[in-house]
Amino acid sequence: MSQSMPHGVYVAVGGGSSIDTAKAASLYATYPAELLDYVNPPVGKGLPDPGELKPLVAVPTTAGTGSETTGVAIFDYTPLHAKTGIAHRALRPVLGVVDPNNTRGVPPLVAACSGLDVLSHAVESLTALPFCQRPAPDSPAQRPAYQGSNPISDIWARRAIEMVARYLVRSTTDPSDDEARGAMLLAATFAGIGFGNAGVHLPHGMSYPVSGMVRNFIPAGYRTRRPLIPHGMSVILNSPAVFRFTAQADPRRHLEAARLMGADVAEARTEDAGEILAGAIIALMRQTGMPNGLKAVGYAPEDSDALVARTIVQHRVTKL
Ligand SMILES: NC(=O)c1ccc[n+]([C@@H]2O[C@H](COP(=O)([O-])OP(=O)(O)OC[C@H]3O[C@@H](n4cnc5c(N)ncnc54)[C@H](O)[C@@H]3O)[C@@H](O)[C@H]2O)c1
């Protein structure tokens with residue numbers, strides 16, 4: 001914007017990448033600072049909310065990140081070869097224009113990756129550490145954007161899981177299926193309201209280096225010449241293993257997520273909760289053409305130390 005044309009509002013039209021870029025542009029243009037000043041610790045200084053921002057109107061064109069509902073902006077921090085983010089309530093858009101007409105041209109793999117991101121948002125916020133088990137901050141101003149699972153976020157997460165299980169495959173195989181596309185966009189917004197308060201945990205924390213350390217994977221249907229592991233793909237590749245591991249902390253919630261996805265859990269043993277949820281997720285991954293594990297996107301066992309090191313610093317999500 002030129003100085004002679006002062007602007008009163010930001011409008012972001014696009015997927016999560018575009019909406020998050022607008023959030024960061026608004027923050028740094030209004031309260032100039034070094035890049036890492038507002039970035040979550042320990043990568044950045046995590047300075048508290050500097051104040052109000054100009055209104056941001058978000059128009060999502062993928063279904064989707066739910067970024068139109070959250071106070072979070074995620075970006076690739078190239079020196080670390082991992083994504084990281086800024087979390088401030090002031091970043092939250094004042095309005096989201098959630099219109100399925102805007103997702104009509106989404107290529108099948110983009111729809112699949114962004115839809116599996118929605119699923120993981122919802123399952124992660126349902127299985128995140130409960131808000132009452134987090135250490136309380138010294139003052140409400142220091143309360144993190146991600147607060148842990150709570151009775152209100154649970155409602156949004158549960159409904160989003162059911163909707164993804166019902167509509168994701170249809171929305172990726174038939175772009176003319178308006179009902180499925182509309183439901184997926186709404187599910188993305190529902191999951192966004194849920195995880196924007198509860199937070200996400202290990203599948204997202206582990207996804208940031210998977211995307212950031214990409215070598216030569218180029219996904220079909222993405223307009224890119226440079227290697228890229230799409231966000232939703234990097235998340236969902238970790239999810240089955242994570243939920244097998246986290247289920248022991250709260251088998252009931254993991255079984256509930258599997259039931260909401262359509263699994264028969266009537267006779268399920270609590271010790272099988274993780275395997276049952278992982279199985280339901282893997283079935284959806286197969287139906288939507290996801291690669292079979294990290295090896296299929298270019299990683300080898302020797303990469304695990306580097307992947308772990310870049311996950312451990314994602315305190316915003318690993319603490320949940
Ligand atoms: N802020 C948040 O709360 C939040 C939550 C989850 C993810 N994210 C971030 O969002 C980013 C991912 O966003 P995304 O999954 O929406 O993908 P994206 O914005 O990166 O878009 C993916 C691809 O789809 C194309 N595209 C987008 N809309 C289209 C349409 N309607 N028709 C045709 N092509 C279209 C884009 O040009 C791009 O090539 C990641 O950086 C992720 O970390 C942010």
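The values are calculated or read from the model by the stated rules, or taken from the named source; none is laboratory data. Just so we're clear, the structure is a prediction, and the values are computed from it rather than from any experiment. Heads up, the Cβs are rebuilt from the backbone with ideal geometry, glycines too, and the neighbour counts pull from every protein chain shown.
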TODO: Give region 124-143 a look and list any residue that's more than 20 Å from the chain's Cα centre (by Cα) and either of a type in the set (S, T, N, Q) or outside any loop (DSSP other than H, G, I, E, B) (or both), or say none.
DONE: C132, Q133, S139, P140, A141, Q142
TODO: Go through region 92-142 and count every residue that is more than 11 Å from the ligand (Cβ to nearest atom), loosely packed, with under 12 Cβ neighbours inside 10 Å and of a type in the set (S, T, N, Q).
DONE: 3
- [ ] Pairs only if they're at least six apart or on different chains, beta carbon under 6 angstrom, first in region 28-44 and under 21 Å from L80 (Cα atoms), second part of a helix (DSSP H, G or I); list them, first residue then second.
- [x] N40/R316; G44/L36
Task: Odd one out for Y146, checked against (1) within 17 Å of the chain's Cα centre (by Cα); (2) away from the ligand (no atom under 14 Å from the Cβ); (3) hydroxyl-bearing (S, T, Y) - done: (2)
TODO: May I ask you to verify whether L307 is hydrophobic (A, V, I, L, M, F, W, C), within 17 Å of G205 (Cα to Cα) and at pLDDT 95 or above?
DONE: yes
- [ ] Select from region 45-76 the residues that are within 16 Å of the ligand (Cβ to nearest atom) and of a type in the set (G, A, S) and write down the one among them that is surrounded by the fewest Cβ atoms within 10 Å (Cβ to Cβ).
- [x] G71
Task: Matching entry among Y222, Y208 (being modelled with pLDDT under 95 and touching a Ser or Thr at 6+ places or on another chain (Cβ under 8 Å)) - done: Y208
Open item on the list: Residue under question is V214, and the condition is that it be surrounded by fewer than 24 Cβ atoms within 10 Å (Cβ to Cβ) and more than 15 Å from the ligand (Cβ to nearest atom); does it hold?
Closed with: no
Task: Odd one out for G221, checked against (1) on the phi > 0 side of the Ramachandran plot; (2) assigned to a helix (DSSP H, G or I) - done: (2)
- [ ] Write out, first by first residue and then by second, each pair whose Cβ atoms fall under 8 Å of each other, whose residues are 6+ apart or on separate chains, and whose first residue, in region 248-273, is within 22 Å of A191 (Cβ to Cβ) and basic (K, R) while the second is exposed (fewer than 13 other Cβ atoms within 10 Å of the Cβ) and at pLDDT 95 or above.
- [x] none
TODO: Scan the helices (runs of 4 or more DSSP H) fully inside region 263-319 and keep the ones with 2 or more residues being more than 19 Å from the chain's Cα centre (by Cα).
DONE: 273-287, 304-312
Task: Residue tally, condition assigned to a helix (DSSP H, G or I) and surrounded by fewer than 23 Cβ atoms within 10 Å (Cβ to Cβ), over region 229-241 - done: 2
Open item on the list: Restricting to region 192-211, name every residue that is near the ligand (Cβ under 9 Å from one of its atoms) and either charged (D, E, K, R) or not in a loop (DSSP other than H, G, I, E, B) (or both).
Closed with: G192, F195, G196, H204, S207, Y208, S211
Open item on the list: Looking at region 222-258 only, could you name the residues that are more than 18 Å from G298 (Cβ to Cβ) and either within 16 Å of the ligand (Cβ to nearest atom) or aliphatic (A, V, I, L, M) (or both)?
Closed with: R223, S239, V242, A247, A249, L255, A257, A258
